[in-house]
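Structure record follows, encoded as C-alpha cells.
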Amino acid sequence: MIHTLAIANYRSLRQIIMPLGNLTVVTGPNGSGKSNLYKALRLLAESASGNLINALAQDGGLESSLWAGPETIA
Ligand SMILES: Nc1ncnc2c1ncn2[C@@H]1O[C@H](COP(=O)(O)OP(=O)(O)OP(=O)(O)O)[C@@H](O)[C@H]1O
Ligand SMILES: [Mg+2]
C-alpha cells in the first residue's frame, strides 16, 4: 500500500506531501486542484507500469502537465 503521496510542479500543484489511508477523501472548492491530484496519482501508476509516455500523451502532452494559469470563466 502507498502511505504517502508527494507531488511537485505538476499542473496546478506546486508542492504537496499528503499521507494516504485505507480510504482518503479529498474535498475542496472548485479549482483547488482535486482533479489534478488524482491525475498525478494516475500518472505515477502509469509510469510504474512502464506506460509513462503514452499516459502523458493521452493527458494532452508534456505541456499540459505544467502550470497553465488559473481557469478563465467565459
Ligand atoms: N496544466 C493544467 N492542467 C489543468 N489545470 C491547470 C493546469 N494549470 C493550471 N491549472 C489550474 O488548476 C486549477 C485546479 O484544477 P482542478 O481541475 O484540479 O480543480 P478541482 O478541485 O478538481 O475543481 P472542480 O471541483 O471544479 O472539479 C484550475 O484553476 C486550473 O485552471
Ligand atoms: Mg475536478
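For region 1-20 and region 44-70, compute the distance between their C-alpha centroids and round to whole Å.
Cα centroid of region 1-20 versus Cα centroid of region 44-70: 15 Å apart.
Restricting things to Cα coordinates, could you compute the convex hull volume per residue of the chain in Å³?
That works out to 101 Å³ per residue.
Sum -39500 (n - 2.57) across every DSSP H segment of at least 4 residues in the chain, then divide by the residue count to get the 222 nm mean residue ellipticity, nearest 500.
After summing the helix terms and dividing by the residues of the chain, the value is -9000 deg cm²/dmol.
For Leu5, what residues show an amide H to amide H distance below 5 Å, using hydrogens built from the backbone and excluding near sequence neighbours?
Counting only residues 5 or more places away or on other chains, the set is Met18, Leu20.
Tabulate in residue order the Karplus-calculated ³J(HN,Hα) for region 8-15, using 6.51 cos²θ - 1.76 cosθ + 1.60 with θ = phi - 60°, rounded to whole Hz; enter x for Gly and Pro.
For region 8-15, the Karplus curve yields 9, 6, 10, 6, 8, 8, 6, 7 Hz.
Output ³J(HN,Hα) for region 30-40: one whole-Hz value per residue in order, computed from phi by the Karplus curve 6.51 cos²θ - 1.76 cosθ + 1.60 with θ = phi - 60°, and x for Gly and Pro.
4, x, 7, x, 4, 5, 5, 5, 6, 5, 5
Just the accessible area per residue of the chain, please: how many Å² with a 1.4 Å probe?
On a per-residue basis, the chain sits at 77 Å².
So how exposed is Glu63, as accessible area in Å² (1.4 Å probe, rounded to 10)?
Approximately 150 Å² of Glu63 is accessible to the 1.4 Å probe.
Before anything else, pin down the relative contact order of the chain: Cα pairs under 8 Å, at least 6 apart, normalised by residue count, whole percent.
32
The values are calculated or read from the model by the stated rules, or taken from the named source; none is laboratory data. All values reported here derive from a predicted model rather than from experimental measurement. Accessible surface is based on the protein model in full, side chains and every heavy atom, while ligands, DNA and RNA are left aside. Shrake-Rupley method; radii C 1.70, N 1.55, O 1.52, S 1.80 Å.
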